[in-house]
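Here's the structure we're looking at; comments come further down.
The values are calculated or read from the model by the stated rules, or taken from the named source; none is laboratory data. Bear in mind that the values here come from a model prediction, so they are computed numbers and not experimental data. Cβ placement follows ideal geometry from the backbone for every residue including glycine, while neighbour counts extend to all protein chains displayed. Ligands, DNA and RNA are excluded from the accessible area calculation, which covers all protein heavy atoms including side chains. Shrake-Rupley method; radii C 1.70, N 1.55, O 1.52, S 1.80 Å.
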Amino acid sequence: MKTLDLHGIERWDTLFAIEKFITDNFDNLPIQVITGNSSYNVSKVKEIVERYNLSCHKDRWINWGSWIITWQASYTVLYYIITIGETNETWQT
């Protein structure tokens, strides 16, 4: 999983770094952003995630310093439906 560690990145560069990392890795989701114990960094990650209709969750329920970014579930299902339709395969459970 590709990871962006925000430790050592200046506050004024944070928003750009997060957005560039996410947009550069749309094809590689899920990805991880390490925010550390910064509520500012966490809020910026959530802001960018919302802007691109993505989803994020904590890496572990007790670790607020690491966030996993993925597609929203509805987009994932839609992707599989479109992909299956294009290849004429059937989705078997």
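Descriptive notes on the structure:
- Computed lengthening from THR3 to ASP24, 0.36 nm per intervening residue step minus Cα-Cα distance: 6.4 nm
- Each principal axis of the Cα atoms in region 1-44 has its own extent, and those three values, largest first, are 27, 17, 17 angstrom.
- Accessible surface, per residue, of region 23-70 when the full set of protein chains is kept, probe 1.4 Å, Å²: 56 Å²
- Using the Cβ-Cβ distance between TRP64 and ARG11 with R0 = 22 Å, the FRET efficiency computed as 1/(1 + (r/R0)^6) comes to roughly 0.75.
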